[in-house]
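K.L.:
Have a look at this one.
The values are calculated or read from the model by the stated rules, or taken from the named source; none is laboratory data. Computed from a prediction, not measured in an experiment: that's the story for all the values here. A quick note on method: Cβ atoms are made from the backbone with ideal geometry, for glycine too, and the neighbour counts reach across all protein chains shown.
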Amino acid sequence: MRKPLIVWSFCLGGILNMQVWAQQPVDSMLAAFNAQSNDSLKWIALFHISQHYAKENLDSALVWAQKGLEYAEKHAPYLTPRSLNNIGLQYMNKGNLDLALEYYLKSVDAANKYQCRPCLATTTGNMGIIAWNKKEYEKATAYFKEAIQLMRSLKDAVGEARYLNNLGLVQTDLGDLNNAEKSFNTALSILEEADTISFQPTIYNNLANIAYARREFGKALEFYEKTGHYAELTNDGSAMFLAVNNAGWVYLALKNYENAVKQFEKAALIAQNLKNDKYREQAIGALADTYKAKGDFQLGFFYLEAYLKLHDSLATTQNSKVVMELETQYQTQQKEAAIKNLEAENRIRNLVNYGAIAGVLGLLVVLWLSRRTFRQRRLIQQTTIERLESERKVVALNAHVEGQNRERLRIAEDLHDDFGSGLSKISLLSEVVKKKFQTPELDKISASAKELLLKMSEIVWALNHRNDTLPSLASYIRRYSSGFFEDSNTQCVFNFSDPLPEITLSGEARRNIFLVIKETLHNTLKHAYASILEISLQYSEGALSIEIKDNGTGFDTSEISRSGNGLLNMAKRMQSEGGLYHIESEPGKGTVTRLAMQLQVANAAEAVAA
């Protein structure tokens, strides 16, 4: 089952209805802060400035959240719990879960002190989200249940439904689908009884994912349809995209290619209207997979080319943003160094002038100060030279890496344009000829061309440095696995974290991980005779874990040392990347292969502001 994309809404408890504030630009909110005499309204302006920056600049959001805390402590102490919760929220968005939890605990103490039960409920729920992200499911369950009870006592139906939904997600991660389904249905009943529309799109999408995991495809389509209905009522474009796109995957699993194409085409149109290129990339990639499964290679190649072009465009845009940020930072540092040098020179000139007026005694003082200033200036210059030398080395290293990346990209493009197009023509022409002449030789030519085309695609993918990201690896694993088992009796099911952070992997690490998975799939098809194979790819707090599980014949793991070098080579590949490789199997009980390695820290999920 694909992990659902959760959208957390923001709630300010019971202080005021401030939607009008949230729609104002920063200048207007600053003007409102200066014009207001009411302490609560002044704090609200600071709070919404922080929330505004949270969408684009987390450092600025944190600065304004700190200003809100300072103002609350001086002028409105009863707002301190909400200020502490807001700071915790910004640290959570920055990915610093430990500091976020520290401020949430302070917020709980302050909420108890000032008897702010709405803030206590919201902060408790946010601590549940931190525990959930850390996979501390027992703690997360306790926090969410406490938040549910607090919201129930406050008669806040929307808040109660929110945390019931979160509890259902924890139960889903634990594999307790029956209780998860119960939690989601209870949340829907509460919203229906309150006669309000709020989280229905998210909840119905979660119910649909459960049905999909159980392979109850009819029920899954029914829930995705309800997701779309409520998304339309709430004008939630993202939820509408998820409903339509996920329904397409259900139809693809049912091999109803016509309806799958309609759903993915509709999803692509929604993404285009939302101006969301990431969504459009997903929909176009799904169309490529669908036409490939359908056997329409011409349209399959067309959408595959469109997907790769859009993927490369997104990667280029992201790289451009990073370069601009680095350039701005470098120019700022240069300006600051020039200002410091100018200030030092001005101090020297002032000291000389004062010395001429003060006479001999003043001259002695000036000489002493000049000597001291000279030493400081020498120290500043030396520090500046060392810093510029370090920057020069960094620029040279980046240029070297960029040159390597350009060469990798050139080789990949040459292989794709020259050899790839030639193999594609051979494959398509052999398929055309086979319709007229049925001979074993043509079958062999077609099979060999397809096999070479697949291997060429792997080489091009491995060489292209733009694919050196975790989402690209996950997307390629999905496409390759679906195609690998396309003509077999094995049903391939995916359970990937969604969304995955844009983490950069080395080309070698990406290649080793894929080759281990490829060898595992080959062994499953050749030896396991499985009807279902499930691939799970999860990322949490810097750790990547991949599990490949089948219900096939299994084998005795004690025979590994005598069964050839394949499994040992896979273990060595993971060890070369500092990772782990483990396989569990028993005759008649299937096989489970687990891969794990440490990457860099990811950003945490969003939380609720109090």
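K.L.:
Being of a type in the set (Lys, Arg) and either surrounded by 18 or more Cβ atoms within 10 Å (Cβ to Cβ) or outside any helix (DSSP H, G or I) (or both): is that true of Lys106 here?
P.N.:
Taking the combined requirement at face value, the residue satisfies it.
K.L.:
OK, next. State whether the residues of the stretch 61-75 include one that is modelled with pLDDT under 85, small (Gly, Ala, Ser) and touching a helix residue (DSSP H, G or I) at 6+ places or on another chain (Cβ under 6 Å).
P.N.:
no
K.L.:
Could I ask something else about it? For a quick check of your reading of the model, give me the residue pairs whose first member lies in the stretch 524-544 and is at positive phi, whose second is assigned to a loop (DSSP other than H, G, I, E, B), with beta-carbon atoms closer than 6 Å and at least 6 apart or on different chains.
P.N.:
Tyr529/Gly552; Tyr529/Thr553; Gly542/Leu599; Gly542/Gln600; Gly542/Val601
K.L.:
If you scan the stretch 586-596, which residues turn out to be surrounded by fewer than 20 Cβ atoms within 10 Å (Cβ to Cβ) and in a strand (DSSP E or B)?
P.N.:
Within the stretch 586-596, Val592, Arg594, Ala596 qualify.
K.L.:
Further question on the same structure: Considering only residues that are of a type in the set (A, V, I, L, M, F, W, C), free of Cβ contacts under 8 Å to residues at least 60 places away in the same chain and closer than 19 Å to Leu599 by Cα, which ones fall in the stretch 474-501?
P.N.:
Within the stretch 474-501, Leu500 is the sole residue that qualifies.
K.L.:
Name the one entry in Ala337, Ala260, Ala268, Ala286 that is in a helix (DSSP H, G or I), at pLDDT below 90 and either within 30 Å of Arg215 (Cβ to Cβ) or of a type outside the set (D, E, K, R) (or both).
P.N.:
Of the residues listed, the single one that is in a helix (DSSP H, G or I), at pLDDT below 90 and either within 30 Å of Arg215 (Cβ to Cβ) or of a type outside the set (D, E, K, R) (or both) is Ala337.
K.L.:
Here is a list: Tyr230, Tyr204, Tyr257. Which entry is of a type in the set (Ser, Thr, Tyr) and surrounded by fewer than 20 Cβ atoms within 10 Å (Cβ to Cβ)?
P.N.:
Tyr257
K.L.:
In addition: Take the conditions more than 20 Å from Arg280 (Cα to Cα) and touching a Ser or Thr at 6+ places or on another chain (Cβ under 7 Å) and apply them to Tyr212. Does it pass? Don't jump to the end; show me each part of the working.
P.N.:
Working: more than 20 Å from Arg280 (Cα to Cα): yes; touching a Ser or Thr at 6+ places or on another chain (Cβ under 7 Å): no.
In short, no.
K.L.:
Under the condition of being over 24 Å from the mean Cα position of the chain (by Cα) and aliphatic (A, V, I, L, M), which residue from the stretch 156-176 is nearest to Asn205 (Cα to Cα)?
P.N.:
Ala161
K.L.:
Another question about this same structure. Could you tell me whether any residue of the stretch 197-211 is among the hydrophobic types (A, V, I, L, M, F, W, C), on the phi < 0 side of the Ramachandran plot and not in a helix (DSSP H, G or I)? Please lay out each step first, then the result.
P.N.:
If we filter the stretch 197-211 for residues that are among the hydrophobic types (A, V, I, L, M, F, W, C), which is where we start, we get 197, 199, 203, 207-208, 210-211.
Then keep just the ones that are on the phi < 0 side of the Ramachandran plot; that gives 197, 199, 203, 207-208, 210-211.
Imposing the further condition that a residue be not in a helix (DSSP H, G or I) reduces the set to 197, 199.
Within the stretch 197-211, one or more residues are among the hydrophobic types (A, V, I, L, M, F, W, C), on the phi < 0 side of the Ramachandran plot and not in a helix (DSSP H, G or I).
K.L.:
Is there a residue being in contact with a helix residue (DSSP H, G or I) (Cβ under 6 Å, 6 or more places away or on another chain), of a type in the set (Lys, Arg) and not assigned by TED's automatic domain parsing to the domain that holds Asn495 anywhere in the stretch 202-214?
P.N.:
no
K.L.:
Name the residues in the stretch 112-143 that are over 12 Å from Leu101 (Cβ atoms) and touching a strand residue (DSSP E or B) at 6+ places or on another chain (Cβ under 8 Å), would you?
P.N.:
Lys135
K.L.:
How many residues, within the stretch 1-39, are surrounded by 15 or more Cβ atoms within 10 Å (Cβ to Cβ) and either at pLDDT 50 or above or polar (S, T, N, Q) (or both)?
P.N.:
Residues that pass the stated criteria total 5.
K.L.:
So, one more: Has the stretch 492-502 got any residue that is hydroxyl-bearing (Ser, Thr, Tyr), modelled with pLDDT of 85 or more and either under 19 Å from Lys292 (Cβ atoms) or surrounded by 17 or more Cβ atoms within 10 Å (Cβ to Cβ) (or both)?
P.N.:
Filtering the stretch 492-502 for residues hydroxyl-bearing (Ser, Thr, Tyr) gives 497.
This time we only want the ones that are modelled with pLDDT of 85 or more, so: none.
No, that holds for no residue.
K.L.:
OK, next. Please go through the stretch 61-112 and pick out each residue that is within 14 Å of Asp39 (Cβ to Cβ) and in contact (Cβ under 8 Å) with a residue 24 or more places away in the chain.
P.N.:
Within the stretch 61-112, Gly68, Tyr71, Ala72, His75, Ala76, Pro77, Tyr78, Leu79, Thr80, Arg82, Ser83 qualify.
K.L.:
Here's a check for you: in the stretch 506-547, which residue that is farther than 26 Å from Pro587 by Cα, assigned to a helix (DSSP H, G or I) and among the aliphatic types (A, V, I, L, M) is modelled with the highest pLDDT?
P.N.:
Ranking the qualifying residues of the stretch 506-547, first place goes to Ile513.
K.L.:
Run down Ala65, Ala111, Ala72 and say which single residue is closer than 30 Å to Lys145 by Cα and either touching a Pro at 6+ places or on another chain (Cβ under 8 Å) or not in a helix (DSSP H, G or I) (or both).
P.N.:
Ala111
K.L.:
Is it the case that the stretch 551-559 has a residue that's in contact (Cβ under 8 Å) with a residue 40 or more places away in the chain, under 29 Å from Trp249 (Cβ atoms) and polar (S, T, N, Q)?
P.N.:
Looking through the stretch 551-559, none of the residues is in contact (Cβ under 8 Å) with a residue 40 or more places away in the chain, under 29 Å from Trp249 (Cβ atoms) and polar (S, T, N, Q).
K.L.:
May I pose another question? Exactly one condition in (1) among the polar types (S, T, N, Q); (2) surrounded by fewer than 20 Cβ atoms within 10 Å (Cβ to Cβ); (3) in contact (Cβ under 8 Å) with a residue 60 or more places away in the chain is not met by Ser153; state its number.
P.N.:
Against the list (1) among the polar types (S, T, N, Q); (2) surrounded by fewer than 20 Cβ atoms within 10 Å (Cβ to Cβ); (3) in contact (Cβ under 8 Å) with a residue 60 or more places away in the chain, Ser153 comes up short only on (3).
K.L.:
Considering only residues that are among the charged types (D, E, K, R) and over 21 Å from Lys294 (Cβ atoms), look in the stretch 258-279 and name the one that is farthest from the chain's Cα centre (by Cα).
P.N.:
Lys275
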